[in-house]
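As structure tokens, the structure follows; a few thoughts come after it.
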Amino acid sequence: MDKPTNRFDADAHATRMRDQGFTVIENFLGAQSIAAFREALQPLLETHHGRNDFEGFKTERVYTLVARAKVFEDIAADPRILALVGRFLQPNFLLSASHSISLNPGETAQDIHSDDGFYRQPRPRPPIGISLIGAIDDFTKANGATELIPGSHLWGEPGAPGRPNDMAEIEDLLVPMEVPAGSALVFAGTLLHRGGANVTDRPRMAFTNQYCEPWARPQENFWLSVPKARVREMSRPAQILLGYEIAPPFLGMVTASHPRKALEPGWIPPIVAQRPK
């Protein structure tokens, strides 16, 4: 991995996110990390294409990316991102989703949505999730750059005063995030946005890591999808993101024990170890 810059100002980025709902971290990934990302991803491609219009019928995704190679783990647990997300979510927040996104030629624009909209608490509210979209290729309006509505993270429910309700009016507010490869777009889970349409003749590669409050259910069930043998190899920050930590006072316990114990060699679930003979 390229070394994170010592000049990263998490508070300045957090201020921009509170004001406009998003921020852009320039040069989040350097050339070395982009090349490592591409090399690690290449053998995984051609495995999962979108099954609906939201996933994208012409979009290829690789899910559970965090556990598929060290480069993906390092990106998800990058200290700059953990510091920024920590300005919004409670300690020991979780990774909610991690996947690559290859937007192929002919892909259409997504519906406008918010990434933590499946949590049913009414708006306006603080975000329950924070999303990162990383550019592996340059993002342009033509190749499907993420389009967002600045300030929409503060909107109330549909029909609320001050919120546009006509879809054409809402679409007019979309701003394409045209950023160079290596940039990271970080935004509140309440921000309205969509993936754009790719009208070029080349795919546009990106990835997303999404984080959620430690009390919220993640989108991806990493406890089932990532084998413990793989989790044992991961850094402690990555293990925490996957749920092997307590959220105070005792959320995430394993039969009244700390979940990290489940990673110890030879660990036997208490329900098995304590079974009457």
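Whole-Å semi-axes of segment 166-208's equivalent ellipsoid, largest first, each the root of 5 times a Cα gyration tensor eigenvalue? Please list the in-between numbers first.
Details: eigenvalues 89, 51, 15 Å².
Its equivalent ellipsoid spans semi-axes of 21, 16, 9 Å.
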Relative to the chain, whose Cα atoms define the longest principal axis, helix 31-41 and its Cα axis are tilted in degrees, nearest 10, by 70
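If you roll a 1.4 Å probe over segment 1-137 with all protein chains in place, what percent of the accessible area is carbon or sulfur?
Numbers: 3310 of 6440 Å².
Exposed carbon and sulfur together represent 51 percent of the surface.
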For segment 72-129 the translational diffusion coefficient, Stokes-Einstein from a Kirkwood Rh over Cα pairs at 4 °C and viscosity 1.567 mPa s, in µm²/s, is roughly 91
Computed over the chain, the relative contact order (Cα-Cα under 8 Å, seq sep at least six) in percent reads 25
Here P(r) for segment 103-161, Cα-Cα distances in 5 Å bins, as whole percents, is 4, 13, 23, 22, 15, 12, 9, 2
Two pseudo-spin positions, 7 Å from Cα along C-beta at GLU264 and at ALA142, lie apart in nanometres by 6.0
Using alpha-carbon coordinates alone, the radius of gyration and Dmax of the chain in Å work out to 19.4, 68
The local net charge around PRO158, scoring Lys/Arg +1 and Asp/Glu -1 for residues other than PRO158 whose Cβ lies under 15 Å from its Cβ, equals -1
With -39,500 (n - 2.57) per DSSP H segment of 4 or more residues and division by the full residue count of the chain, the 222 nm estimate, nearest 500 deg cm²/dmol, is -5500 deg cm²/dmol
quick shape note, segment 122-255: Cα extents on principal axes in Å, largest first -> 52, 41, 20
The set of residues whose placed amide H lies less than 5 Å from the amide H of LEU242, leaving out same-chain residues fewer than 5 positions away, is LEU95
Rounded to whole angstrom, the alpha-carbon centroid of segment 111-130 lies from that of segment 218-269 at a distance of 26
Probe 1.4 Å, all chains present, heavy atoms only: ILE268 accessible area in Å², nearest 10, is 90
For segment 8-96, averaging the sequence separation of alpha carbon pairs under 8 Å that lie six or more residues apart and dividing by its residue count, the contact order in percent is 27
In vacuo Debye sum over C-alpha of segment 7-110, base-10 log of normalised intensity I(q)/I(0) at q = 0.11, 0.21, 0.23, 0.24 Å⁻¹, listed in q order, is -0.44, -1.21, -1.24, -1.25
From highest to lowest solvent-accessible area (probe 1.4 Å; ligands, DNA and RNA excluded), HIS113, HIS258 read HIS258, HIS113
Highest GNM mean-square fluctuation among MET167, MET177, MET253, for the chain with Cα springs under 10 Å, belongs to MET167
Under 5 Å from the placed amide H of ARG123, counting only residues 5+ away or on other chains, we find GLU157
Checking ALA135, ALA247, ALA145 against a Gaussian network model of the chain (alpha-carbon springs below 10 Å), the top fluctuating residue turns out to be ALA247
The answer for the net charge of residues other than ALA145 whose Cβ lies under 14 angstrom from its Cβ, with Lys and Arg +1 and Asp and Glu -1, is -1
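Using the eigenvalues of the Cα gyration tensor, what equivalent ellipsoid semi-axes result for segment 45-173 when each is taken as the square root of five times the eigenvalue, whole Å, largest first? Intermediate results must be reported in sequence, preceding the final value.
Numbers: eigenvalues 135, 101, 34 Å².
They are 26, 22, 13 Å, listed largest first.
The values are calculated or read from the model by the stated rules, or taken from the named source; none is laboratory data. On a predicted model such as this, the values are computed, not experimentally measured, just so you know. FYI the Cβ positions are ideal-geometry reconstructions off the backbone, even for glycines, and counts take in every protein chain you see. Ligands, DNA and RNA are excluded from the accessible area calculation, which covers all protein heavy atoms including side chains. Shrake-Rupley method; radii C 1.70, N 1.55, O 1.52, S 1.80 Å.
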